[in-house]
Amino acid sequence: MILLLQSDASAPQRSRLQAALSALGLSADAVRLGERHAMVLTSPTDLPADSLARLEGVERVLPLEQRTSLVSETFREGGTTVSMGTARFGGGWMGLIAGPCTVESEEALEQIARLVKEAGACALRGGVFKVRTSPHSYQGGGLDALQRMHRVSRRVGLPFLTEFTDPRQVSVAGELVDGVQIGARHMQNFPLLTEVAALGKPIMLKRHMGAGVDEWLSAAEYILKAGNEQVVLCERGVRSPDRHVRFLLDVSVVPYLKSRIGLPVLVDPSHAAGDWRLVPALAKAAVAAGADGLLIEAHPAPESTRCDASQALPPADLRALMTYVRELLKLDGRRLSDGALAPSADDQPSSPRAASA
Ligand code: PEP
Ligand code: MN
């Protein structure tokens, strides 16, 4: 059971509520939901929701049977804009996250970072702890590679994120990153989700290739329940009977989610297609469908990379794609988030939802 508190519930009111709950023999975890506070009961209770709703400071009791109450609440609250440094996703901002599949030498990474920034990226992404289907494949450059990416990110002026694959990486590497990716294969690694959430940094949660939307949102609920609502969902393709592409990009999930929840939705056409020649068309479809961001793998010399060479988009194609995307965004009344330029308070685009209301 989740108690959503009144928007003006003060700290003393929240402590009184905790005390009232313990007097009833109940324990609860305090959770933040944007500007709001909520309490998630951690002990079972037979008390009717109506009695709990009458406690001081409580606005509503969220239904017990719903597995994704906190995620659904983000819609009611008017949506979440996730910020990572100067990069923004949601609330009328569309952001491009781009970079190599895996972090290589510092020079190679810096060259890619400058190229993707020039094309319009607001954040850099590269893998250092890689999840590979084969144990014989390259597993990533680890902490050394992460430090290289941190230096490049600061020199170039782009916030960056990378995938964590093990809860132990949070204490070793959490301080360095601006955001964390949870990869498709770890979507339901709940101890990892909880540990990463506690870092309090933005999290990009990729959909598992076999997961239904409800399972994906339940995974996001774990992060929100751990007190972190800076969550961006990332569609990256699901399994289909066909093998003409690596995965079937579920573009329909973008408008579907945007009509039900307030978390930003990104699309990764690179891992879906597995072929760079298909990436621009899929990316355009995703933005036209309302995606709040794109995750694209790009590389100026794919033949030299150790991972996912076939899907690495050449920088010239990325630039051409982004010229088109800027036009699409204009039609939608949305803006491209620019990692290089801190958007000022009076430079807010209108939220498409607010504009059409
Ligand atoms: C990746 O983003 O580098 C990756 C391996 O993607 P996914 O987890 O979607 O397979
Ligand atoms: Mn990759």
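Using 1/(1 + (r/R0)^6) with R0 = 56 angstrom and r between the beta carbons of ARG54 and ARG277, what's the FRET efficiency to the nearest 0.05?
0.35
On the accessible surface of region 221-296, probed at 1.4 Å, how many percent belong to carbon and sulfur atoms?
Roughly 55 percent of what the probe reaches on region 221-296 is carbon or sulfur.
Which Cys residues of the chain have no other Cys Cβ less than 4.7 Å away and so no disulfide-compatible partner by this rule?
So far as the 4.7 Å Cβ criterion goes, CYS122, CYS234 stand without a partner in the chain.
Starting from 0 in steps of 10 Å, tell me what percent of the Cα-Cα pairs of the chain lands in each bin.
The calculated distribution, bin by bin, is 5, 25, 33, 23, 10, 4, 0.
Given the peptides 276-286, 219-229, 290-300, 170-180, arrange them by the average over their residues of other C-beta atoms within 10 Å, most packed first.
290-300, 219-229, 276-286, 170-180
Can you return the lysines within cross-link range of LYS201? Criterion is Cα-Cα under 25 Å, with same-chain partners fewer than 8 residues away left out.
Here the lysines satisfying the reach criterion relative to LYS201 are LYS117, LYS130, LYS225, LYS258.
Counting heavy atoms of the protein chains only and a 1.4 Å probe, report the per residue accessible area for region 2-62 as a whole number of Å².
52 Å²
Put +1 on the Cβ of each Lys and Arg and -1 on the Cβ of each Asp and Glu in the chain; which of SER69, VAL82, THR102 then has its Cα farthest toward the positive end of the dipole?
Looking along the dipole axis, the top candidate is THR102.
Within a Cβ distance under 14 Å of ILE97, other residues only, what is the Lys/Arg minus Asp/Glu net charge?
Around ILE97, the surrounding residues sum to -2.
May I ask you to derive the FRET efficiency for LEU328 and ASP8 from their Cβ-Cβ distance with R0 = 35 Å, giving the value to the nearest 0.05?
Calculated value: 0.30.
Counting only protein heavy atoms, what percent of the accessible surface of region 1-115 is carbon or sulfur at a 1.4 Å probe?
That share works out to 50 percent.
Could you give the length gained by full extension between LEU248 and SER134, i.e. 0.36 nm per residue of separation minus their alpha carbon distance, to one decimal place?
38.9 nm
By the gyration tensor of its Cα atoms, with a ≥ b ≥ c the square roots of the eigenvalues, what is the shape of region 83-193: rounded for a/c under 1.5, prolate for a/b over b/c, or oblate?
Because a/c hits 1.5 or more and a/b fails to exceed b/c, region 83-193 counts as oblate.
Just for region 72-336, what percent of DSSP beta bridges are antiparallel, to the closest 5?
About 15 percent, rounded to the nearest 5.
The values are calculated or read from the model by the stated rules, or taken from the named source; none is laboratory data. These numbers come from a predicted model, not from an experiment. Methodologically, a virtual Cβ is constructed for each residue, glycine included, from the backbone with ideal geometry; neighbour enumeration extends over all protein chains shown. For accessibility, only protein heavy atoms count, side chains too; no ligands or nucleic acids. Shrake-Rupley method; radii C 1.70, N 1.55, O 1.52, S 1.80 Å.
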